[in-house]
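Below is one structure; the comments refer to it alone.
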Amino acid sequence: MRTLFIALSIALTACATPGFAEEAHSESHNEPRPFETDRDAQADVDAALERATERGTKALIVMGANWCHDSRGLATVFEMPETAQLIADNYELVWVDVGFKVLNQDVAKRFGLEGTPGTPTVIVARADGTIMNLEDAPTWRNAYSRKPEDIHQYFVEMAARE
């Protein structure tokens, strides 16, 4: 019993150490962290819409954060070869850092959302800036638990929509 108490004490102390959980998680999962706080999100979205016009693609705006398990899980699926190719062929991808859902909320409002109720919030927009998935955009906060093939299929379907 005493050994169990000591082991639990050590584990709790280690988990309470600042940075420990993040370091342990990143070492064990190697998930991408694509969100950059210092980016000009509106300029990035404008550039994506411009590229979408030039290429005949859509803008794919992922509003999330590096602290978010689901945001990183979605980014992991986006790096899988088949999905990465789908994204490259059909979308102009923009990662928008929302911090703790307080940064860059003007981007969500630009597309008719009240903000980012969860992370990630995923916006698919036509080149003219019209959002295509207003109802679905805030439902991605369970992205990590979705099957990669279901995520891939969603973006196949969105790419095919006019």
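So that you can scan it fast, the table gives a plain yes or no per residue for (1) crowded, with 18+ Cβ neighbours inside 10 Å; (2) more than 14 Å from the chain's Cα centre (by Cα):
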{"site": "M80", "(1), (2)": "no, yes"}
{"site": "Q85", "(1), (2)": "no, yes"}
{"site": "N90", "(1), (2)": "yes, yes"}
{"site": "G99", "(1), (2)": "no, no"}
{"site": "K109", "(1), (2)": "no, yes"}
{"site": "G112", "(1), (2)": "no, yes"}
{"site": "G115", "(1), (2)": "no, yes"}
{"site": "D128", "(1), (2)": "no, yes"}
Requested in this report: Taking only the range 130-161 into account, find how many residues are in a loop (DSSP other than H, G, I, E, B) and hydrophobic (A, V, I, L, M, F, W, C).
Outcome: 2
Report task. Working only within the range 56-78, note down all residues that are polar (S, T, N, Q) and open to solvent by 10 Å² or more (accessible area, probe 1.4 Å). Result -> T57, N66, T76
Query raised in the report: N66: within 12 Å of the chain's Cα centre (by Cα), among the polar types (S, T, N, Q) and in a helix (DSSP H, G or I), yes or no?
Result: no
Query raised in the report: Does the range 39-46 include one or more residues that are part of a loop (DSSP other than H, G, I, E, B), basic (K, R) and either over 26 Å from E162 (Cα atoms) or in contact (Cβ under 8 Å) with a residue 60 or more places away in the chain (or both)?
Result: yes
Report summary line: For T53, the lone unmet condition from (1) crowded, with 19+ Cβ neighbours inside 10 Å; (2) in contact with an Asp or Glu (Cβ under 9 Å, 6 or more places away or on another chain); (3) in a helix (DSSP H, G or I) is (1)
Requested in this report: Output the number of the condition that E27 fails; it satisfies all remaining conditions of (1) modelled with pLDDT of 95 or more; (2) part of a helix (DSSP H, G or I); (3) within 19 Å of Y144 (Cβ to Cβ); (4) not β-branched (V, I, T).
Outcome: (1)
Requested in this report: Please work out which one of (1) at pLDDT 95 or above; (2) open to solvent by less than 40 Å² (accessible area, probe 1.4 Å) is the condition R39 fails and give its number.
Outcome: (2)
**Report entry** Pair list, Cβ under 6 Å, 6 or more apart: the range 108-137 residue within 18 Å of P34 (Cα to Cα), other residue among the hydroxyl-bearing types (S, T, Y) and part of a helix (DSSP H, G or I)
**Finding:** T119/S71; P120/S71
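The values are calculated or read from the model by the stated rules, or taken from the named source; none is laboratory data. It should be emphasised that the depicted structure is a prediction, and the values quoted were computed from it without experimental measurement. Cβ sites come from the backbone with ideal geometry, for glycine too, and all protein chains shown count toward neighbours. Each accessible area value is taken on the protein alone, full model and side chains, heavy atoms only, with ligands, DNA and RNA left out. Shrake-Rupley method; radii C 1.70, N 1.55, O 1.52, S 1.80 Å.
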